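The values are calculated or read from the model by the stated rules, or taken from the named source; none is laboratory data. If you're wondering where the values come from, they're calculated on a predicted model, not measured in any experiment. Here the Cβ positions follow ideal geometry from the backbone for every residue, glycine too, while neighbour counts run over all protein chains shown. For the accessible areas, the whole protein counts, side chains as well, though only heavy atoms, and no ligand, DNA or RNA atoms are used. Shrake-Rupley method; radii C 1.70, N 1.55, O 1.52, S 1.80 Å.
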Amino acid sequence: MVTSSSEEGKQATSAAVRLVYGACPHDCPDGCALETLVDEQGRALSLRGRANHPITRGWLCAKVNRYLERVYHPERLRYPQRRKGPKGSGSFSRISWEEAFAEISERWQRIITEHGAQCILPYSYAGTLGLVNGAVADSRFWNRLGASRLKRAICGYAAEEAVRLTLGWRLAPSPEMLLQSRLVLIWGSNPASTAPHIMPFLRQAQRQGTRVIVIDPVRTLTARSADLHIQPYPGTDAALALAMMHVIVNRGLHNQAWIEAHTVGWEQLRERIMRYPPERAAAITGLSVETITELAVAYATTTPAMLRVTDGINRHTNGGQTVRALLCLPALTGQYGLAGGGVMYSTSDWLQWDAEAVKHEHDPACPPAPRVLNMNRLGALLTGEADPPIYALYVYNANPVASAPNAGKIVEGLQRDDLFVVVHDLFETDTARYADILLPATSQLEQTDLHKAYGHLALQYNAQAIAPLGEARSNWDVMRGLAQAMGFTESWLQEDAEAVIRGVLEATAARSPLLKDITLERLQREGWVALAIPEERRIPFADGRFGTPSGKVEFYSQQAADLGYDPLPDWVPDVESPFTADSNGQRERLVLVSPGAHHFISSSFGNVATLRRKEGRPSVRLHPDEARARGIRDGQLVRLSNERGSCLVFAEVSGEVRPGVLAASSVWWPRFSPDGRNINWLTSDRLADFNGGSTFHSTLVTIEPVAEAPQSFDEPEEAVRS
Ligand SMILES: Nc1nc2c(c(=O)[nH]1)N[C@H]1C(S)=C(S)[C@@H](COP(=O)(O)OP(=O)(O)OC[C@H]3O[C@@H](n4cnc5c(=O)[nH]c(N)nc54)[C@H](O)[C@@H]3O)O[C@H]1N2
Ligand SMILES: Nc1nc2c(c(=O)[nH]1)N[C@H]1C(S)=C(S)[C@@H](COP(=O)(O)OP(=O)(O)OC[C@H]3O[C@@H](n4cnc5c(=O)[nH]c(N)nc54)[C@H](O)[C@@H]3O)O[C@H]1N2
Ligand code: SF4
Ligand SMILES: [Mo]
């Protein structure tokens, strides 16, 4: 017997095979709705995408199709453990949860007494995007503790700031809207890998005659199926966008009436634009004047035109201004507010959870907010930048040794004898190896949560489908235990997941009509529920209102000026680029971009052997001209190095990247890499121009063949056990 829905499932006899509704927890805009078949022994038999979900439409990506291999992976952590060997040795012995809580709270109490709670730093990102095990776990307990706040800037902070300054709100349309676009300009975004569920809409649009143009230095999976692929030099897109505007204005293709009605600072922007004739942009971007001109004319003369921008392009030292420049284009041509036109960045601001219900930040029990530390500086913070120092680090939902920039410095910091490290994860990641206390986390099938996607307009409820493996606990359940161990008595630190969800839904519904008729019970019954947005309101900015102080698109941003930024978008060279003096005084070095791998999500799934095999080997692609100049053969082991560190990867000589650029898929687990280090030993931990954003792609490296190299990379036996 198969029963539908989690609620009915719960009521079914124990002999029944149950179908449980869920939500993909991973950091991906698609926010898929799942259904898991669970047998009478409580074991998950299969997992698939919900057929009736408007975006999931019955299928899952290459990664989450393998989710059960992750859930039942033989190396899942099952018990709390305490370190017994030297830090980093990965040698642990089993302890009980009681012992773990007692030891953590005792160490923290001592640190608080001697140095203050701000010497404790929680470090997390988006291992799960759930309301309970993400947003609530990221705030409530830490606010009560008075720990240092974490600036979660590793991903899209510069771009988010650019959107806030220029448009005010992140209001992308749902992907179905692409069917109404006649041109889709995909700029520094690779949805075929990173948001695969928009691809069927893109394909269908193409069949209807929509033109798809991709702008990316790398011939990505998305670029391969585009009608046109343009490959600028990385970090030069602002110059390209400004030159497009130059062409548009010079030819009178801009929409003067729309600009007058809906924008601020047109005269100033126009002056800025005039500094970017296509000839200048050609020299900067490495594109021809013809390409730039054709692109500009195509964009300005096809309506509606959708610009897809995601976070890949913002990971540069000029990432914020780059995104600001891009966001001006649809305003220049009057595309905002059209069905199928405008910008598709993120849907996050359609509905914002009630912040106080989530965080309890202003509860009288919470000490005053202490300092805020930027996660992009973790290595530096652990090795001297933080004052007072960090004496305790608590890592969950994140794997910084694999995924954060300048990882060599992080490893150096994690070896400090006076640093107490707790890691909570499903696996013994490269970060977990440095833990003093290692805690086992539940997978999404073992926990309850609610998910709000950042790429569409529905909510997904995740009902617990199976019992936790071993003694694994969810993030929030661990924090409830820690709260007790610390002697905190507030009831909002003890609510279970359902109570948390109910409370946040009710508080948010009190001020947002988008939650009309959406209750916990309905979510449990139906699994996913569309936000209550009337059809005519589903086009972002259709009412001509923007969330900026002026209510218009702000070409000129006084808010930016007040923050010390250039109030107008501009191109400035990446700090590490051939345009700026190379610290070696050479032009030998190449720019390394390291976007997300097709078969991993950041570091997640990097330990699933089938997916690792599909992804190939840790490698870097380079143009045949660059390979020839350095005597590098295809398939050969090469050393990448710069002032931050080095790592060994395999060379893939390929016309798919433009000269001057190296492209690596990120991120491979260091332990599955030839010399135990990955690409992040090289990446920049500088902060972007806006909002402390990351600058992974503003990285110059030297590449050289390794003479005595093994010609094939055989993973250690241990690595393929799964
Ligand atoms: N399969 C898979 N899916 C993922 C992820 C993953 O790792 N793997 N990660 C998830 C996460 S955390 C995020 S934030 C999103 C990110 O989703 P995307 O924004 O699509 O991210 P990336 O693939 O990192 O970068 C997109 C493209 O930007 C290009 N790029 C880099 N620098 C420049 C530049 O200066 N100019 C131009 N024009 N292009 C540039 C890269 O070559 C890359 O192809 O994806 C999510 N989905
Ligand atoms: N070189 C390079 N590096 C990059 C990027 C790049 O473009 N280039 N992209 C960056 C970006 S955009 C991002 S977002 C970061 C993210 O990088 P990561 O921190 O690697 O993020 P994830 O892979 O999402 O998840 C991190 C960890 O959370 C764990 N986890 C999952 N669910 C749970 C849970 O419920 N509880 C607990 N306690 N743990 C859980 C996973 O097992 C995993 O080990 O990577 C960045 N790293
Ligand atoms: S990772 Fe993205 S595409 Fe894959 S199942 Fe999750 S939400 Fe869907
Ligand atoms: Mo990200």
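Listed by chain and number, the lysines placed with their C-alpha closer than 19 angstrom to that of K87 are K409; residues fewer than eight positions away on the same chain are left out.
Computed packing ranks the peptides 533-544, 362-373 as 533-544, 362-373, most packed first, by mean other Cβ atoms within 10 Å.
How large is the accessible surface per residue of segment 330-431, computed with a 1.4 Å probe and reported in Å² as a whole number?
It amounts to 29 Å² per residue over segment 330-431.
Other residues whose C-beta falls under 12 angstrom from the C-beta of E260 contribute a net charge of 0, scoring Lys and Arg +1 and Asp and Glu -1.
Partner lysines whose Cα lies under 19 Å from the Cα of K63, excluding those fewer than 8 positions away in the same chain, are identified as K614. Per residue, segment 517-641 exposes 44 Å² of solvent-accessible protein surface, assessed with a 1.4 angstrom probe and all protein chains in place.
A cut-off of 5 Å between modelled amide H atoms, ignoring neighbours fewer than 5 places along the same chain, links A688 with G693, S694. Taking GluC sites (Glu not before Pro) across segment 31-102, the ones in a DSSP loop with at most 14 further Cβ atoms lying within 10 angstrom of their Cβ are E40, E75.
Using θ = phi - 60° in the Karplus curve 6.51 cos²θ - 1.76 cosθ + 1.60, the 3J(HN,Hα) couplings for segment 31-36 round to x, 6, 8, 10, 9, 10 Hz; x is entered for Gly and Pro. Which log10 I(q)/I(0) values, to two decimals, does the chain give at q = 0.06, 0.10, 0.11 Å⁻¹ under the Debye formula with one point per Cα? One equal scatterer on each Cα of the chain leads to -0.34, -1.01, -1.24. Within the shell defined by Cβ-Cβ distances under 10 Å, the residues around A158 carry a net charge of -2, with Lys and Arg each +1 and Asp and Glu each -1.
Carbon and sulfur together cover what percent of the accessible area of the chain at a 1.4 Å probe radius? Its accessible area is 48 percent carbon and sulfur atoms. Here's the list of aspartates and glutamates a cross-link from K359 could span, going by alpha-carbon distance under 14 Å and ignoring same-chain residues fewer than 8 apart: D138, E490, E495.
Computed per residue of the chain from DSSP H runs no shorter than four, each worth -39500 (n - 2.57), the mean residue ellipticity at 222 nm is -7500 deg cm²/dmol.
Annotation: amide H-H contacts under 5 Å for L662 (H modelled 1.01 Å from N, sequence separation of 5 or more, or interchain): V591, L592, V593.
Qualifying trypsin sites (Lys or Arg not before Pro) in segment 249-315, where qualification requires a DSSP coil assignment and no more than 15 other C-beta atoms within 10 Å, comprise R251, R275.
Can you give the net charge of the other residues whose Cβ lies under 15 Å from the Cβ of N691, counting K and R as +1 and D and E as -1?
Net charge in that neighbourhood comes out at +3.
For segment 7-71, the solvent-accessible area with a 1.4 angstrom probe is 41 square angstrom per residue.
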